[in-house]
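Written out below as structure tokens is the structure these notes cover.
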């Protein structure tokens with residue numbers, strides 16, 4: 001063995017996404033999960049996802065979630081029980097660990113990596129005092145013997161009696177797993193297994209049923225969010241814009257906020273510097289020249305005032321095309337960009353803005369967050385895709401010029417909060433820019449929404465501003481209460497989804 005050989009087994013993190021994706025692609029002959037699906041797996045239950053590395057390279061991965069006994073013991077398929085592979089069905093009160101992925105680099109087989117990963121699962125079960133592990137195990141040699149054995153049960157019996165060799169099922173049996181049944185159509189696309197899986201269980205020998213267990217107090221886990229309702233007015237220089245932005249960031253810093261949200265396209269007031277009415281397409285190209293200055297400004301302010309900044313949005317050139325892009329500056333100095341997917345008809349007509357093609361969560365020191373710009377909030381699939389990736393807070397910078405347009409965004413944001421059991425913050429512009437096309441008038445009432453259940457704010461509104469007045473809305477959002485509501489609320493929208501009937505599958509990058 002190489003003297004420099006160093007094996008590490010540890011909890012997976014979002015920094016491992018590409019390495020895990022590369023491993024799965026290698027193991028399954030080119031097919032892999034989208035990176036966002038792996039992100040969702042890890043974010044939805046970080047403790048249940050393990051990687052094995054040799055000399056820093058990921059060579060093994062296993063994914064697990066917690067589920068109640070009645071869920072894991074009934075007939076099911078892979079998509080249904082795992083939330084289409086995102087792990088969104090995870091139940092923090094579940095008394096079984098459900099495994100739904102294990103893969104090992106074929107180049108390092110023989111090093112007992114699979115056995116080590118299963119040992120880690122057993123450690124999780126013992127640490128949390130769970131009943132055991134359940135999963136659907138593959139039987140990759142079934143297709144070779146089905147004509148001879150006729151039924152899957154006969155195949156399993158012959159593997160047990162060592163008349164047929166199946167490396168996967170044999171491995172599970174040697175590691176203490178018992179066969180409790182057969183799962184039909186578990187993975188219909190798994191041709192070697194003919195869609196079947198063996199229903200397997202390992203019982204925790206140290207498990208003791210806990211009776212009359214008293215619930216402790218909820219752990220304090222609060223995130224402070226500020227939405228800025230920003231007034232559009234004429235300015236004379238970039239420095240003037242910078243001064244106003246810094247004022248609001250300074251205020252949020254004084255309040256020890258974790259996030260501050262600015263409105264969509266609030267930077268368009270930079271066009272008022274020359275105060276000359278120009279063609280809309282020319283105006284937008286002028287705006288793209290400020291992109292680097294704005295990024296530097298947001299990054300500097302995020303570090304200086306120790307607050308994560310969602311910088312509304314700004315017209316930005318991406319591969320020679322104009323996109324509506326939100327700059328997200330985190331207080332550790334990193335900068336992220338998120339593009340608007342659905343430009344409005346006015347954005348297309350006046351400014352030639354095109355839509356992006358990615359919707360990805362952003363990892364922050366307060367957990368993963370999502371960004372959807374204005375109109376995108378009216379497409380529920382986008383929020384569900386972000387929730388599948390593990391977000392608990394969605395930020396929606398918006399720009400509307402009348403109450404009807406505003407109500408579309410507001411009602412959709414409230415719907416996203418209810419149906420996904422998340423918090424949604426929205427921030428809009430007020431005031432006017434008479435000589436800037438499509439920015440002449442504004443209407444806004446910036447708000448921070450919660451799910452509608454007993455632990456949350458009345459009417460599902462944590463905070464909101466006075467309409468059409470420059471001010472801020474501030475709210476403390478309890479993520480621990482959110483998790484409790486998802487698990488035990490009056491309704492459990494995420495938990496009660498019918499994964500056997502429908503799902504959101506992202507076809508973009």
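The values are calculated or read from the model by the stated rules, or taken from the named source; none is laboratory data. Computed from a predicted model, the values in this text were never measured in an experiment. All Cβ positions, glycine included, derive from the backbone under ideal geometry; neighbour counts span all protein chains shown.
Just name the residue that is surrounded by the fewest Cβ atoms within 10 Å (Cβ to Cβ) out of those in segment 278-299 that are in contact with a helix residue (DSSP H, G or I) (Cβ under 9 Å, 6 or more places away or on another chain) and modelled with pLDDT under 95.
Narrowing segment 278-299 to residues in contact with a helix residue (DSSP H, G or I) (Cβ under 9 Å, 6 or more places away or on another chain): 278, 280-281, 283-284, 286-287, 290, 293-294, 297-298.
Next, from what is left, pick out any that are modelled with pLDDT under 95: 278, 280-281, 283-284, 286-287.
On the way: 278: 15, 280: 18, 281: 13, 283: 22, 284: 23, 286: 15, 287: 21.
Among those residues, the one meeting the criterion is 281.
Assess whether residue 382 counts as being modelled with pLDDT of 95 or more and touching a helix residue (DSSP H, G or I) at 6+ places or on another chain (Cβ under 7 Å).
Working: modelled with pLDDT of 95 or more: yes; touching a helix residue (DSSP H, G or I) at 6+ places or on another chain (Cβ under 7 Å): yes.
Against the criterion (modelled with pLDDT of 95 or more and touching a helix residue (DSSP H, G or I) at 6+ places or on another chain (Cβ under 7 Å)), residue 382 qualifies.
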Could you give me the residue pairs with C-beta distances under 8 Å whose first residue belongs to segment 414-427 and is assigned by TED's automatic domain parsing to the domain that holds residue 227, whose second residue is in a helix (DSSP H, G or I) and at pLDDT below 95 wherever it lies, and which are 6+ apart or on separate chains? 421/482; 421/485; 421/486; 422/482; 423/482
Do you know which residues across segment 335-354 are in contact with a strand residue (DSSP E or B) (Cβ under 9 Å, 6 or more places away or on another chain), surrounded by fewer than 20 Cβ atoms within 10 Å (Cβ to Cβ) and either part of a loop (DSSP other than H, G, I, E, B) or not assigned by TED's automatic domain parsing to the domain that holds residue 365 (or both)? 352
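Strands (runs of 3 or more DSSP E) wholly in segment 422-477 with at least 3 residues that are surrounded by fewer than 23 Cβ atoms within 10 Å (Cβ to Cβ) and touching a strand residue (DSSP E or B) at 6+ places or on another chain (Cβ under 9 Å) - which ones? Working first, answer last.
Working: elements: 423-427, 429-431, 447-449, 461-464.
Because the criterion is at least 3 residues that are surrounded by fewer than 23 Cβ atoms within 10 Å (Cβ to Cβ) and touching a strand residue (DSSP E or B) at 6+ places or on another chain (Cβ under 9 Å), the strands (runs of 3 or more DSSP E) in segment 422-477 that meet it are 461-464.
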Do you know which residues across segment 32-45 are at pLDDT 95 or above and either farther than 16 Å from residue 390 by Cα or part of a loop (DSSP other than H, G, I, E, B) (or both)? 45
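Please count how many residues of segment 304-314 are closer than 16 Å to residue 332 by Cα and either surrounded by fewer than 15 Cβ atoms within 10 Å (Cβ to Cβ) or in contact with a helix residue (DSSP H, G or I) (Cβ under 8 Å, 6 or more places away or on another chain) (or both). Don't jump to the end; show me each part of the working.
Quick first cut of segment 304-314, residues closer than 16 Å to residue 332 by Cα only: 304-311.
Going one step further and asking which of them are either surrounded by fewer than 15 Cβ atoms within 10 Å (Cβ to Cβ) or in contact with a helix residue (DSSP H, G or I) (Cβ under 8 Å, 6 or more places away or on another chain) (or both), we end up with 304-309, 311.
Matching residues across segment 304-314 total 7.
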Scanning segment 4-31 for residues that are in contact with a helix residue (DSSP H, G or I) (Cβ under 6 Å, 6 or more places away or on another chain) and in a strand (DSSP E or B) gives 9
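Matching residues to (1) under 30 Å from residue 147 (Cα atoms); (2) at pLDDT 95 or above; (3) in a loop (DSSP other than H, G, I, E, B):
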residue	(1), (2), (3)
199	yes, yes, no
205	no, no, yes
213	no, no, yes
216	no, no, yes
219	no, no, yes
225	no, yes, no
231	no, yes, no
242	no, yes, no
253	no, no, no
Hey, among 74, 57, 109, which residue is outside the structural domain of residue 366 (by TED's automatic domain parsing), surrounded by fewer than 18 Cβ atoms within 10 Å (Cβ to Cβ) and within 28 Å of residue 181 (Cβ to Cβ)? 74
